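> I'd like to ask you about the structure that follows.
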Amino acid sequence: MVHPQLYTFVKVVECRSFSKAADALFLSRVSVMRQVNALEERIGVRLLERGSSGIRLTPAGKSLYRDSLQIILESGEAVQRARKIAQATLHTVRAGTSLLNPCQPLVSIWDEIRGDYPNLRLRVVPYSDEQNEILELLSTLGKRFDLFLGVNDSYTWQEVTSFLHLRDEPIQCAVPITHPLASRTSLQVSDLDGQELMMVSEGDSPGNARARAILQSACPDLRIIDVGYYYDIDVFHTCVERNCLLLSFGLWENVHPSLVTIPIEWDCAIPYGLVYPKKPSPEVAAFIEAVRGYLQHETA
């Protein structure tokens, strides 16, 4: 904020030497002298008397030196006050991330628009996918973290959270690499007949209920294993150990190294997007609206 020539002038006075000031400022002696000469020319006043014994302040130089110290002090205080005000208005939104619900797609969106929202910042908070913890996490959104990305077709989730839809995620099939179907690039529904298939239990997801109805109609010899309303990593381990099939999503294709995820030729999908509290804080609400605006612009 203070003109560099003024800083250089003050340092010359304090060091009582152009050479010593140059060393302190990591400049050449010639550069320091030029800056002081330029300052004198700019304000039209001689500030220093140069002589063989060194430099000496003129009366005008003494006055400017005293005032410069005050200007530099007040300038520093002004910057600190501005920074404190900026920090006071800077709001952090915490995005949960886990193995099954990574937040990288949200980070990518935020990187595109963050410049338009200087008072918001995004922080990533890891959490567990354990089945016995997910409902507690949902009920306490806003405490440990504020939102997360995930598939959301659960009546239970909808009762306690809000949702910003990003896209529909097609239901696919995770297959152990040792399974006969593992080499397929796509599956017909009829290919699952006679197989053992793990999937979400009935009663909480209309999208999965529709998939179940299609499977039961088309595959009379399909054996369905209910795994509860929510998946965790143990579900994927069990799938591999039993060498059976698992209804899954493309976004989970890297969850387990011994599984391949294969598309099914049907139109079953689950909504995917941002899950956040029913009553979000003002900063979270602002973040959601920022993402919503981005999505609308991308689809326009």
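The values are calculated or read from the model by the stated rules, or taken from the named source; none is laboratory data. Note that the coordinates shown come from a computational prediction; the quantities given were computed from them, not determined experimentally. When we count neighbours, we look across all protein chains shown, and the Cβ atoms used for this are built from the backbone with ideal geometry, even at glycine.
> If I go through region 23-36 residue by residue, how many of them are more than 17 Å from R56 (Cα to Cα) and aliphatic (A, V, I, L, M)?
The qualifying residues number 4.
> Considering only residues that are of a type in the set (D, E) and closer than 19 Å to S201 by Cα, look in region 158-170 and name the one that is surrounded by the most Cβ atoms within 10 Å (Cβ to Cβ).
Out of the qualifying residues, it is E169.
> Looking for something among the β-branched types (V, I, T) and in a helix (DSSP H, G or I) - is there at least one such residue anywhere in region 114-131?
No, region 114-131 has no match at all.
> Something else: Step by step: first the residues of region 126-157, then only those that are touching a Lys or Arg at 6+ places or on another chain (Cβ under 9 Å) and hydrophobic (A, V, I, L, M, F, W, C), then the one that is surrounded by the fewest Cβ atoms within 10 Å (Cβ to Cβ). Which residue is that? Spell out how you get there, then give the answer.
Initially, region 126-157 is screened for residues touching a Lys or Arg at 6+ places or on another chain (Cβ under 9 Å), giving 127, 137, 141-142, 144-147.
From what is left, the residues that are hydrophobic (A, V, I, L, M, F, W, C) are 137, 141, 145, 147.
On the way: L137: 19, L141: 23, F145: 21, L147: 27.
Across region 126-157, the extreme among qualifying residues is L137.
> Any idea how many residues of region 171-185 are under 22 Å from A269 (Cβ atoms) and surrounded by 15 or more Cβ atoms within 10 Å (Cβ to Cβ)?
Final tally of qualifying residues: 7.
> Report, by residue number, each residue of region 47-72 that is touching a Ser or Thr at 6+ places or on another chain (Cβ under 8 Å) and surrounded by 13 or more Cβ atoms within 10 Å (Cβ to Cβ).
Passing the criteria: L47, L48, I55.
> Only residues that are more than 8 Å from the chain's Cα centre (by Cα), assigned to a helix (DSSP H, G or I) and of a type in the set (A, V, I, L, M): list them for region 92-113, please.
I109, I113
Yes/no matrix, rows are residues, columns are (1) in contact (Cβ under 8 Å) with a residue 40 or more places away in the chain; (2) outside the structural domain of G150 (by TED's automatic domain parsing); (3) closer than 25 Å to Q158 by Cα:
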residue: R184; (1), (2), (3): yes, no, no
residue: L192; (1), (2), (3): yes, no, no
residue: R223; (1), (2), (3): no, no, no
residue: D226; (1), (2), (3): no, no, yes
residue: Y231; (1), (2), (3): yes, no, yes
residue: V240; (1), (2), (3): yes, no, no
residue: N243; (1), (2), (3): yes, no, no
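> Test each condition in (1) part of a loop (DSSP other than H, G, I, E, B); (2) at negative phi for G228 and report the one that comes out false.
Of the numbered conditions (1) part of a loop (DSSP other than H, G, I, E, B); (2) at negative phi, the odd one out for G228 is (2).
> Being within 16 Å of V151 (Cβ to Cβ) and either in the same structural domain as Q158 (by TED's automatic domain parsing) or crowded, with 18+ Cβ neighbours inside 10 Å (or both): is that true of V255 here?
Spelling it out, V255 is indeed within 16 Å of V151 (Cβ to Cβ) and either in the same structural domain as Q158 (by TED's automatic domain parsing) or crowded, with 18+ Cβ neighbours inside 10 Å (or both).
> Turning to a different aspect of this structure: So in region 231-252, with the set limited to residues that are part of a loop (DSSP other than H, G, I, E, B) and modelled with pLDDT of 95 or more, which one is nearest to P170 (Cα to Cα)?
Of everything passing the filter in region 231-252, C244 is nearest to P170 (Cα to Cα).
> Would you check if there is a residue in region 287-300 being under 26 Å from the mean Cα position of the chain (by Cα), surrounded by fewer than 16 Cβ atoms within 10 Å (Cβ to Cβ) and of a type in the set (V, I, T)?
Looking for residues that are under 26 Å from the mean Cα position of the chain (by Cα), surrounded by fewer than 16 Cβ atoms within 10 Å (Cβ to Cβ) and of a type in the set (V, I, T), one finds at least one in region 287-300, hence yes.
> Still on this model: I'd like the residue in region 1-16 that is within 14 Å of L57 (Cβ to Cβ) and in contact with a helix residue (DSSP H, G or I) (Cβ under 9 Å, 6 or more places away or on another chain) and, out of all such residues, is surrounded by the fewest Cβ atoms within 10 Å (Cβ to Cβ). Even if it seems obvious, please write down each step before you answer.
Restricting attention to region 1-16, the residues satisfying the condition of being within 14 Å of L57 (Cβ to Cβ) are 9-16.
Then drop every residue that is not in contact with a helix residue (DSSP H, G or I) (Cβ under 9 Å, 6 or more places away or on another chain), which leaves 9-15.
Working: F9: 23, V10: 18, K11: 20, V12: 28, V13: 22, E14: 13, C15: 17.
Top of the filtered list is E14.
> Determine whether I288 is touching a strand residue (DSSP E or B) at 6+ places or on another chain (Cβ under 7 Å), more than 15 Å from L100 (Cβ to Cβ) and either modelled with pLDDT under 95 or assigned to a helix (DSSP H, G or I) (or both). Full working, then the answer.
Details: touching a strand residue (DSSP E or B) at 6+ places or on another chain (Cβ under 7 Å): yes; more than 15 Å from L100 (Cβ to Cβ): yes; either modelled with pLDDT under 95 or assigned to a helix (DSSP H, G or I) (or both): yes.
The answer is yes for I288.
> With respect to S75, determine if the residue is over 19 Å from V275 (Cβ atoms), touching a residue at least 40 places away in the same chain (Cβ under 8 Å) and part of a helix (DSSP H, G or I).
Yes.
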